[in-house]
Amino acid sequence: MKKFNFRKVLDGLTASSPGGSSGGGSGGGSGAGGGSMHPGGTAGAVGTPRDEIQETLTSDYFQICKTVRHGFPYLPTALAFDPVQKILAIGTRTGAIRILGRPGVDCYCQHESGAAVLQLQFLINEGALVSASADDTLHLWNLRQKRPAILHSLKFNRERITYCHLPFQSKWLYVGTERGNTHIVNIESFILSGYVIMWNKAIELSTKTHPGPVVHLSDSPRDEGKLLIGYENGTVVLWDLRSKRADLRAYYDEAIHSVAWHHEGKQFMCSHSDGSLTLWNLKSPNRPFQTTIPHGKIQRDGKKPESCKPILKVEYKTCKNSEPFVIFSGGLSYDKACRRPSLTIMHGKAITVLEMDHPIVDFLTLCETPYPNEFQEPYAVVVLLEKDLIVVDLTQSNFPIFENPYPIDIHESPVTCTEYFADCPPDLIPVLYSVGAKHKKQGYSNKEWPVSGGAWNLGAQTYPEIIITGHADGSVKFWDASAITLQMLYKLKTSKVFEKQKLGEGKATAEIVEEDPFAVQMMYWCPESRIFCVAGVSAYVVVYKFSKHEVNTEIASLEVRLQYEVEDIITPEPEIIPPFPDASSQLPSLKNLSGSTNTVACEGVMKDSIPCLSVKSRPVRMPPGYQADLVIQLVWVDGEPPQQITSLAVNSAYGLVTFGNCNGLAVVDFMQKTVLLSMGTLDLYGSSDPYQRQPRSPRKSKQFAAGLTELSDSPVSLELERCKSPTSGKGNPGIQLNFCIHFPDHVNGHCTSPTSQSCSSGKRLSSVDVTKANRRGPGRPPFRKAQSAACMEISLPVTTEENRENSFSRSRSSSVSSIDRDSKEAITALYFMESFARKNDSTVSPCLWVGTGLGMVLILSLNLPASDELRQTEPVMVSPSGTVLTLKGAVLTFACLDCMGTLTHPPYEVWRDSNSADDGEKTRKRKLVMHSPSSSQDMGDHQFAVICSEKQAKVFSLPSQTCLYVHNITETSFLLRADVVTLCNSVCLACFCANGHIMTLRYLSN
């Protein structure tokens, strides 16, 4: 038998790993810092010397480096464009800079100070960028290397930077300040030149009032030796740099926000705070020769149009064969307060207002030439919004937008969950792209994306990678993440399977979530079979199948009752869950007592057997792609809403989907559309329940005095007395749990669908039958003890240290945070595999591994029909095997290894298009791929199960169920996610800890 050791291979994280092994391995263990794993115990202080093991993985394989950030820049503040290299730069409030080029060219830079980026200026066609930060520092970035870096920095200590300007092909950078002064920086040496234009010299000497901060700087298109300076109070000065004096001064009684030159250099335009545009001529600077308020209402008496909102920025671009473009943001009328942010395009006499979904941060007009003294010939406008990036095509009269090739819309709706898949089938990405292309919006510009700079080479190490994101609006997006770039392949809207709630209906559909009732909470995808499953926040599961053909069909639906029952009566006598084999002998007496209980009456109408959402009952047209095959909804029970789903798993070979929450577990056959199992977590244990129970806070009840006497004489009560914990009356610490015991149907130890009929009869149950059988009066199971709602105190048979590990007093940020750990045992992990369900099994069989929030692992046996023909008609049997394993903390993940230590995957069905009319009978037959573990006659165990919880990882040998190794991953924190993966032909357990640490544990063969 092969033995396995855990060893940390991330040397850089060893010293700061969140807690080592309890035996001191993290402090003075082996060279890797983790120590070796001792069979059946924790990591020991004496580790196996590193030189005794032939390492196939070294820390070099695990060097972490940042590659690219996907999505929209957070809190954007600045925008710049290089018209020659055709690359775009976006600055943010957090000090980050994103540089974008052609699709695939995406670079992320970060200022160490984290100060907001005020302005960006490209050194056009030189591969450099100047950034001005809110901490009054200028930075020069070198973009000609693989990772951009800062070459020079210049700090302003006495003045605040407000505006920068770098002319084309100039070595002088002009910097305006809050005091109204203008400094000149040599761009090559990046030091101040000593030339300063003082505000009191720029304005007229007779003017004593301060003009305010510098809001604009630009050189004259006719003469680069003349600098136009705009001050906030409405003053504009044309400064001669050679003679060091002002050529002209212009004054306006409204504050200036921006200034733009005509390409001839004889006129310039200003935008003002009253929504007006003024056009000035250099020959007559006393007053503007043209003043307009584009969105102001014209007064009847000939007076000046009423003021509007400020025009924050204006650009004045000329064309050789047409009227010039005047483009500005803001300037709308005050009487239209509800109008969205807009960009106005004035071309001749035509005025076009483009409304935006988000506030405008900045915009730039893209022109054919970088030279300011030529006809500009604008062809596009780049608009930077708070949460989007839009490019408008100016060459077409209707001004369409370009289709954005960047993954900017990742957070179009907030991301609620993500999944990552590597080494997907190679044909999957083209198929998803082809069906996704048919769903794309129409009306985009037919021209190429104008930001087309940069070089991007597809590396030789690429392999198919797909990222799936679930969103708050119920949408699911499939992204191609191969070769660093991210491209959306396909978008699925899960909300389309449900009816839209009409206004005024209130809570008619009994929602449990007021906002975003369709939010995607969990996803499970099988790339080989293309089965996709979604769990929503409103306690529903949708099973999707992939098809290349459009269909028009009804959506099958099932309703499942999965709820602990809370009653007002608390028994002063303890109870016990009958073991599965002996349950039938006790059920008749319990049934007689069930009539003496009453549920607590609620005010108003009690909601019962009502799903949170309504599935469409009419035939639905489903385009090619993922099509809903089955909707499973949890329903209200006795006025209690269904709890959100905490775990989800699907297996295409078995045709089963399973999910759990803090109440229990459900298993559904999506091929036959039937519910196989709906059971409370506590009932899954049967006679293998490791907990010791005792009543807590008993209350006397005269109504049940006779019933209690009968119970005290029953063999059930006597059995419970024998099963009591020897310390139950000594106040030992334990986890307090409030349980409502729910007894499901048991037929010879097998759990069937939640009806009183046995699956062994071979009778199929439709979704309607299941729903009717589930209701069973006012939401009660057929057999129940009279006092099944007792508050129980659970005492775990663990040491004092383990009691501390199992206390869930800390708060969590993971998806299980909403679970009331002190009251119910949630299902936190599910896994289908071919495994050994019991110790005496000689061959593997289909199993479902179940992990709970209290660190318990249960194995359920699945009895599937022998042939594919019988699979559509014969029922599937699901039965608890009685096997229970334990770990510290909530169970996160399972994995299966064969006897050689190779990772084995669950079986799956090869994808086939069930809607295809061209397939013959041969192709319609299911093709299953099985991954059975290798066996050997001289080996007693043929399989190893790796189980990881929030606190520790264990390796069990199967079928003997011997715990080979234990590793305490963390003592002070907890894991958020873990997964077993293959790296360089070695199997590793990758762990992501709540304190931000990433750890990788390796399996070593001795």
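The values are calculated or read from the model by the stated rules, or taken from the named source; none is laboratory data. A quick note: this is a predicted structure, and the numbers were derived from the prediction, not measured. Here Cβ is always computed from backbone atoms with ideal geometry, including for glycine, and neighbour counts include all displayed protein chains. Just the protein is used for accessible areas: all its heavy atoms, side chains included, with ligands, DNA and RNA removed. Shrake-Rupley method; radii C 1.70, N 1.55, O 1.52, S 1.80 Å.
For the reader, a short list of remarks on this structure follows.
- Förster radius 56 Å - calculated FRET efficiency between CYS984 and GLU224, Cβ distance, rounded to 0.05: 0.45
- Computed E for LYS304/LYS927 - FRET, C-beta separation, R0 56 angstrom, nearest 0.05: 0.10
- Other-chain or far-sequence residues with amide H under 5 Å of VAL361's (modelled H): LEU384, LEU385, GLU386
- Residues whose amide H falls under 5 Å from that of SER445, counting only those 5 or more places apart or on a different chain, are ILE401, PHE402, GLU403, with hydrogens built in the peptide plane.
- The residue among ASN142, THR94, ASN157 whose Cα reaches farthest toward the positive pole of the charge dipole of the range 71-158, with charges on the beta-carbon of Lys, Arg, Asp and Glu, is ASN142.
- For ALA246, nonlocal amide neighbours, meaning residues 5 or more places apart or on other chains whose placed amide H falls under 5 Å from its own, are ASP240.
- Under Karplus coefficients 6.51, -1.76 and 1.60, residue-wise ³J(HN,Hα) of the range 145-160 in Hz, glycine/proline x: 10, 4, 10, x, 9, 7, 8, 9, 9, 9, 9, 9, 8, 9, 9, 9
- If the segment from LYS266 to SER189 were pulled out straight at 0.36 nm per residue, it would be longer than the present Cα-Cα gap by 24.4 nm.
- The slack in the chain from LYS244 to ASN373, taken as 0.36 nm per residue of separation less the alpha-carbon distance, amounts to 44.1 nm.
- Using a Förster distance of 60 Å, the FRET efficiency for THR962-GLU386 (Cβ separation, nearest 0.05): 0.55
- For the range 101-135, backbone nitrogen atoms closer than 14 Å to the point 7 Å from ARG158 Cα along Cα-to-C-beta are found at no residue.
- Modelled spin labels at THR873 and LYS438, positioned 7 Å past Cα toward Cβ, are 3.5 nm from each other.
- A crude spin-label estimate for the pair GLU554 and THR418, with each label 7 Å from Cα along the Cβ direction, gives 4.1 nm.
- Among the listed pairs LYS266/LYS387; LYS496/LYS545; LYS491/LYS616; LYS500/LYS824; LYS317/LYS438; LYS309/LYS387, those with a Cα-Cα distance over 27 Å are LYS266/LYS387; LYS500/LYS824; LYS317/LYS438.
- Each residue of the range 288-294 was assigned a 3J(HN,Hα) from its phi angle through the Karplus expression (A = 6.51, B = -1.76, C = 1.60, θ = phi - 60°), giving x, 7, 8, 10, 9, 10, x Hz with x at Gly and Pro.
- Rounded to the nearest Hz, the phi-derived 3J(HN,Hα) couplings of the range 313-321 under the Karplus curve 6.51 cos²θ - 1.76 cosθ + 1.60 (θ = phi - 60°) are 7, 9, 10, 10, 10, 9, 10, 6, 10, where x marks glycine and proline.
- Heavy-atom accessible surface of TYR108, to the nearest 10 Å², is about 60 Å², with a 1.4 Å probe and all protein chains retained.
- Model label points for ARG621 and ASN404, set 7 angstrom from Cα along the Cα-to-Cβ axis, are 2.9 nm apart.
- Per residue accessible area of the range 365-483, 1.4 Å probe, in Å²: 48 Å²
- Across the options LEU241, VAL259, MET269, the greatest Cα extent toward the positive end of the charge dipole of the range 216-290 (unit charges at beta carbon of Lys, Arg, Asp, Glu) belongs to LEU241.
- Expressed as a whole percent, the accessible surface of the range 349-472 that belongs to carbon and sulfur atoms is 51, based on a 1.4 Å probe.
- Multiplying the residue separation of ASN446 and GLU499 by 0.36 nm and subtracting their alpha-carbon distance yields 15.5 nm.
- Carbon and sulfur %, accessible surface of the range 154-219 computed with the full protein complex present, 1.4 Å: 50 percent
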